[in-house]
Amino acid sequence: MPDLSKRSTAEVLADHLRCRIAGEVEQDIERNYAPDVVVMTAKGMKKGHAAVRDFAKMLVGHVPPGYEFPMKLIEGPFAFIEWRAREPGRSVEDGADSFVVQDGKIVFQSIHYSLQETMPG
């Protein structure tokens, strides 16, 4: 198995997004998140792999599938993504996540999005 601690921020972010798009949350957590990761959202702050699982479940329940990433910025250990997800009746247009990566693992993530729901006509 390759030494994941040597990966760049770009490599970690690419692997994280690949895993999530494929629905491989557990693989994503094991490969890409530090055991003591800090995750912050408008709903509060949580720590550890259990926090990542909780937020992943919440996203699956709220956010339409089919993510698009109009912007990805990376500078040293820092990364930022802008994302959106759409399906008939609901969408996220303002998704924004920030990351800090150390030793090939995400040690901090912030998550923000607003779900827009359209009432059936």
_Subset of segment 3-18 (residues that are in contact with a helix residue (DSSP H, G or I) (Cβ under 8 Å, 6 or more places away or on another chain) and modelled with pLDDT of 95 or more)_ = R7, V12, D15, H16
_Residues to consider are G48, G44, G66, G76; find the one that is in contact (Cβ under 8 Å) with a residue 40 or more places away in the chain and on the phi > 0 side of the Ramachandran plot._
G76
*Among the residues listed as L59, L4, the single one being open to solvent by less than 30 Å² (accessible area, probe 1.4 Å) and within 22 Å of R86 (Cα to Cα)*: L59
*Considering every residue within segment 68-79, establish whether at least one is surrounded by 12 or more Cβ atoms within 10 Å (Cβ to Cβ), assigned to a strand (DSSP E or B), at pLDDT 95 or above and aliphatic (A, V, I, L, M).*
yes
*Search segment 82-121 for residues being outside any strand (DSSP E or B) and touching a residue at least 60 places away in the same chain (Cβ under 8 Å), and hand back the single one that is surrounded by the most Cβ atoms within 10 Å (Cβ to Cβ).*
G104
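The values are calculated or read from the model by the stated rules, or taken from the named source; none is laboratory data. What you are looking at is a predicted structure, and each value in this text was computed from that prediction instead of being measured. With ideal geometry, Cβ positions are generated from the backbone for all residues, glycine too; neighbour counts draw on all protein chains shown. For the accessible areas, the whole protein counts, side chains as well, though only heavy atoms, and no ligand, DNA or RNA atoms are used. Shrake-Rupley method; radii C 1.70, N 1.55, O 1.52, S 1.80 Å.
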